[in-house]
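Colleague: Have a look at this one.
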There are 2 protein chains.
Amino acid sequence: MHPIRKGIFVVLVAILGCGPLQQSDPLPSWNDGPIKSSIMEFVATVTREGSEHYVPTAERIAVFDNDGTLWSEQPAYFQLLFALDRVRALAPEHPEWKERQPFKAALEGDLEAVAESGVKGILELVMATHAGDTSEEFQHVVREWLTNARHPRFKRPYTDLVFAPMQELLTYLRANGFTTYIVSGGGTDFLRTFSDEVYGVPPEQVIGSSIRTAFEMRDGVPVIVRLPQLEFINDKEGKPLAIQKHIGRRPVAAFGNSDGDLQMLQWTAAGEGERLMVLVHHTDRDREWAYDRQSHIGHLDKALDEATLKGWTIVDMKEDWNRVYSFAE
Amino acid sequence: MHPIRKGIFVVLVAILGCGPLQQSDPLPSWNDGPIKSSIMEFVATVTREGSEHYVPTAERIAVFDNDGTLWSEQPAYFQLLFALDRVRALAPEHPEWKERQPFKAALEGDLEAVAESGVKGILELVMATHAGDTSEEFQHVVREWLTNARHPRFKRPYTDLVFAPMQELLTYLRANGFTTYIVSGGGTDFLRTFSDEVYGVPPEQVIGSSIRTAFEMRDGVPVIVRLPQLEFINDKEGKPLAIQKHIGRRPVAAFGNSDGDLQMLQWTAAGEGERLMVLVHHTDRDREWAYDRQSHIGHLDKALDEATLKGWTIVDMKEDWNRVYSFAE
């Protein structure tokens, strides 16, 4: 082609976005089948201009639980494993922890007993080990842990245990004009240390649990200090309330994996027009884990019944994903 | 010009963004002088690629107080005037209000006594009159009021009393890659009913005070119900804490007008690199109002001293703005 004509062609392709790359599969880790189709048909429907189910870009809000939905959560929530490492590191300064649950169980490495203390006990542990620092200091501690700690089963950094199919899904939704939020029971500041790099979700789109903070002047310099008091648990009913408070728009798509996500999915489903409600069902003990109704962590019981009853999309990890982690090609 | 050449020229202008409109003044309601220059120089500095003070788009966070900064706040916060109208409308259902402050003062139309009850009293009044509804119902009530109510001095809808120079500034900053947040002592859900239309600020970029909410099932349909309990007052120390919680990035530019904004400005100023801290000083009793150290509403005392001491940008409304409202050309 004549160079000038070729230049114009390149400009036109860039403007019209009609290059051959558009034809490739945006979700290669998902097996072809009804689940993948239902997700892609939903996206096609709400983004087709002129369609009666068209949703303007500003309202394309997709919310994602994190633990068990975007990355693994076994043998325990990864933030809890971080907290246990912190308990051990900080124990010399806290002799009272030896007699007090769930700290006692944490120091004894009794993961089962820690898990039995429930979301509240776990968050108490997490928050108590996360306080005292400024926001900056805390993020530094978390980053160091994410770099150095290794998952007990896979012997890899925890951030390697994000689900490749879900990373593809986040990218695919954003490419279609969605804003993707993380709405997690995990701590906001913990999540923010890796959410941008790992998921492409910037700090302002992370909604999590929180401890109280205080604004203080230290030698004339303002700092935000983390206090050892729970402020908000972003679980169950808390999730739709936090979504309304933070975003102020009802999501059109919601992704979860446990009963803690049920109210978020109900809130999403009750909006007008097309909606997508997805549960990730952990069915793959070889490549990941298999658990649902009997599990302390990622307990999935009522939400599984309601999803079945209402025809929500249930991802069978073993059947629907041809790979789970990026490192396990 | 030959039609095809002209077409190519139009495309090139569109691509390169070098049309003659780029040369026009983005802040026509601001008089030329050191204040306008300091704002425009700041924007030029942080957006110039390769500059040592360059700030990437994702980190261009600008935060704006609302009452007294983006719109007027006299003779009382407009949300308070809304609340007073609601107190009168709801009074028959609340006989106890006749004996209890600040409700008593509200029913008697004693604005001075209401103002003396302080931010907390005012928010109590606001919140109590805003509860019981679902989020949707409440927004409907506010929208109706904004359509029908008239400001006592200007006999116009309250949303006509936004500052034209500040609207220009919001647009100018967004055109330069900034994300503009409202960080206000006003209620989040109140602000969201008009923030997008009036300021171009979408609901997810509104951070305000809040009352508690609850997630309930009503005939199988989930609703979010507003409870008559204060949850968070977004004023003074609360502002930087809310910014950190909601955005998770430190602003590079902050705009306020009262002591309630001081900590937000301090937090912004303490970041590294170039920062812009702006106070709007109400000096124009003819076109708007003149008040500062002695005023209950928009009390500006310590922040004025600190701004002077530290060389922050102080907008003299009378000197620096050639128009205040759009309707007063």
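Colleague: Taking the axis about which chain B rotates onto chain A, which residue of B lies nearest it as judged by Cβ position, and how many whole Å separate them?
Modeller: Axis relating chain B to chain A; nearest Cβ residue and distance: B:246, 3.
Colleague: Taking 20 °C and 1.002 mPa s as the conditions, I'd like the Stokes-Einstein D for the stretch B:149-229 in µm²/s, using the Kirkwood hydrodynamic radius from alpha carbon pairs.
Modeller: 143
Colleague: I'd like the antiparallel share, as a percent to the nearest 5, of DSSP beta bridges with both residues in chain B.
Modeller: For chain B, the DSSP antiparallel bridge percentage is about 40.
Colleague: Roughly what percent of Cα-Cα pairs across the stretch A:124-270 reach past 22 Å?
Modeller: The answer is 47 percent, as a whole percent.
Colleague: Moving to a separate point now. Taking the Cβ of residue B:35 as the center, what net charge do the other residues with Cβ under 10 Å away carry, scoring Lys and Arg +1 and Asp and Glu -1?
Modeller: Net charge around residue B:35: -3.
Colleague: Can you give the Rg and Dmax of the stretch A:195-329 based on its C-alpha atoms, in angstrom?
Modeller: 18.3, 60
Colleague: Any idea what diffusion coefficient the stretch A:135-193 gets from Stokes-Einstein, in µm²/s, Kirkwood Rh on alpha carbon pairs, 25 °C, 0.890 mPa s?
Modeller: Translational diffusion coefficient: 183 µm²/s.
Colleague: Same structure, new question: Tell me the distances, shortest first, between residue A:110 and the same position across the other copies, using label points 7 Å along Cα→Cβ, in nm to one decimal.
Modeller: 6.2
Colleague: Quick check: the distance between the Cα centres of the stretch B:46-79 and the stretch B:122-152, to the nearest angstrom?
Modeller: A separation of 26 Å, based on Cα centres.
Colleague: Compute the convex hull volume of the Cα atoms of the stretch B:57-98, divide it by the residue count, and report the result per residue in Å³ as a whole number.
Modeller: In the stretch B:57-98, the Cα convex hull volume per residue is 114 Å³.
Colleague: Further question: Holding the Cα-Cα limit at 31 Å, pick out from B:120/B:245; B:98/B:302; A:120/A:302 the pairs that are longer than that.
Modeller: Distance filter (> 31 Å) returns B:98/B:302.
Colleague: If you find the alpha carbon centre of the stretch A:259-288 and of the stretch A:160-221, how far apart are they in angstrom?
Modeller: 19
Colleague: Tell me what chain B gives for mean residue ellipticity at 222 nm when only DSSP H runs of n ≥ 4 count, each as -39,500 (n - 2.57), the sum divided by the residue total, rounded to 500 deg cm²/dmol.
Modeller: Mean residue ellipticity, 222 nm, calculated: -11500 deg cm²/dmol.
Colleague: Percent of Cα-Cα pairs more than 17 Å apart in the stretch A:101-174, please.
Modeller: So the pairs more than 17 Å apart make up 65 percent of the total in the stretch A:101-174.
Colleague: Before anything else, pin down the relative contact order of chain A: Cα pairs under 8 Å, at least 6 apart, normalised by residue count, whole percent.
Modeller: Once normalised by length, the contact order is 22 percent.
Colleague: A further question follows. Would you mind getting the Kirkwood hydrodynamic radius of the protein assembly as shown from its Cα pairs, rounded to one decimal in Å?
Modeller: So the Kirkwood estimate lands at 27.2 Å.
Colleague: How large is the Kirkwood hydrodynamic radius of chain A, counting all unique pairs of alpha carbons, in Å?
Modeller: 21.3
Colleague: Tell me, what % of the accessible area of chain A is carbon and sulfur with a 1.4 angstrom probe?
Modeller: So the carbon and sulfur contribution to the accessible surface is 51 percent.
Colleague: Assuming R0 = 41 Å, what is the FRET efficiency of residue B:24 and residue A:196, from their Cβ-Cβ distance, to the nearest 0.05?
Modeller: E between residue B:24 and residue A:196, to the nearest 0.05, is 0.70.
Colleague: Which residues of the stretch B:171-205 end up with at least 30 Å² less accessible area in the presence of all protein chains than when their chain stands alone, using a 1.4 Å probe?
Modeller: B:192, B:203, B:204
Colleague: Ok, one more. Assuming R0 = 51 Å, can you tell me the calculated FRET efficiency for the pair residue B:58 and residue B:99, based on Cβ-Cβ distance, to the nearest 0.05?
Modeller: 0.45
Colleague: Distances from residue A:272 to the same position in the other copies: list them in nm, one decimal, shortest first, using label points 7 Å from Cα along Cα→Cβ.
Modeller: 4.9
Colleague: Counting each pair of different Cα atoms once, what's the Kirkwood radius of the stretch A:24-149 in Å, rounded to one decimal?
Modeller: When all Cα pairs of the stretch A:24-149 are included, the Kirkwood radius is 18.1 Å.
Colleague: Still on this structure: Placing a label point 7 Å from Cα toward Cβ, how far apart in nm is residue A:99 from its equivalents in the other copies, listed shortest first to one decimal?
Modeller: Inter-copy label distances (nm, one decimal, shortest first): 4.9.
Colleague: Given a 1.4 Å probe, how much area per residue of chain A is accessible, in Å²?
Modeller: I get 44 Å² per residue for this part.
Colleague: Within 10 Å of each Cβ of B:207-215, how many other protein chain Cβ atoms are there on average?
Modeller: 3
Colleague: Still on this structure: Of all the Cα-Cα pairs you can form in the stretch B:244-314, what percent are over 20 Å apart?
Modeller: 31
The values are calculated or read from the model by the stated rules, or taken from the named source; none is laboratory data. These numbers were taken from a predicted model, which means no experiment stands behind them. Neighbour counts run over all protein chains shown; Cβ positions are idealised from the backbone, glycine included. Accessible surface areas use protein heavy atoms only, side chains included; no ligands, DNA or RNA. Shrake-Rupley method; radii C 1.70, N 1.55, O 1.52, S 1.80 Å.
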